[in-house]
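Notes for the one structure printed next.
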Amino acid sequence: MSNPIFVLNGPNLNLLGTREPHIYGSTRLAEVEQMCHDRARALGHVVSFRQSNYEGQIVEWIHEAIDGADGIVINPAALTHTSVAILDALKNVKCPIIELHISNPHQREAFRHVSYVTPVATAMMCGFGVTGYPLAVEAMAGLIKARRPA
Ligand code: DQA
């Protein structure tokens, strides 16, 4: 039986659409969520799309994913650059992990060049704007398929 793909979003991403639109664009998170559901459905998957401003909540969702998700797409937002707790939580996950960023953090301030998540991610995508979300869902469907016995 297949589990959903978790799409997890960290702090301030609830403000997408109005937050620094010159960097993150003007599309709201609810629209991004719909893009993910649509792409997942077309590929025979289900997405569980979540956002929290709280590190501990994201850690708990990662724990839930240990038995409850076929893949994790995670935009940890600012926690990317600070959170050993998210790194340690992700170490317990057996499913593929895609680290996703709307912007390209490597073109930005030096503190954004460090990610605690990349070392445990299967893959990393950044700089595609919000269209990175459905792209990541599609890429995750491919990673899940590649793991299934023929
Ligand atoms: C972000 C990049 C992070 O550096 C930043 O703190 C965010 C969003 C992105 O999607 O581009 O909140 O993860």
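The values are calculated or read from the model by the stated rules, or taken from the named source; none is laboratory data. Being a predicted model, the structure only gives us computed values, none of them experimental. Ideal geometry is used to build each Cβ from the backbone, glycine not excepted, and the neighbour counts take in all protein chains shown. Remember, those area values only see protein heavy atoms, side chains included, never the ligands or the DNA or RNA. Shrake-Rupley method; radii C 1.70, N 1.55, O 1.52, S 1.80 Å.
Okay, here's what the table says:
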| item | result |
| --- | --- |
| The stretch 1-33: number of residues that are out of contact with any strand residue (DSSP E or B) (no Cβ under 9 Å at 6 or more places or on another chain), away from the ligand (no atom under 11 Å from the Cβ) and not in a loop (DSSP other than H, G, I, E, B) | 4 |
| Tally, over the stretch 114-150, of residues that are within 27 Å of ALA30 (Cβ to Cβ), out of contact with any strand residue (DSSP E or B) (no Cβ under 9 Å at 6 or more places or on another chain) and open to solvent by 50 Å² or more (accessible area, probe 1.4 Å) | 2 |
| Flag if SER103 is under 25 Å from PRO21 (Cβ atoms), near the ligand (Cβ under 10 Å from one of its atoms), open to solvent by less than 20 Å² (accessible area, probe 1.4 Å) and hydroxyl-bearing (Ser, Thr, Tyr) | yes |
| Residue count for the stretch 45-69, restricted to those that are under 20 Å from VAL84 (Cβ atoms) and assigned to a helix (DSSP H, G or I) | 12 |
| Close pairs (7 angstrom Cβ cut-off, 6 or more residues apart or separate chains): of a type in the set (Val, Ile, Thr) in the stretch 126-143, assigned to a helix (DSSP H, G or I) and open to solvent by 50 Å² or more (accessible area, probe 1.4 Å) anywhere | VAL137/ARG39 |
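Residues are listed down the side, and each one gets a yes or a no for (1) farther than 17 Å from ALA136 by Cβ; (2) touching a residue at least 12 places away in the same chain (Cβ under 8 Å); (3) open to solvent by less than 70 Å² (accessible area, probe 1.4 Å); (4) not aromatic (Phe, Trp, Tyr):
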site	(1), (2), (3), (4)
LEU8	no, yes, yes, yes
ALA42	no, no, no, yes
SER52	yes, yes, yes, yes
GLU60	yes, no, no, yes
LEU87	yes, yes, yes, yes
GLU99	no, yes, yes, yes
ARG112	yes, yes, yes, yes
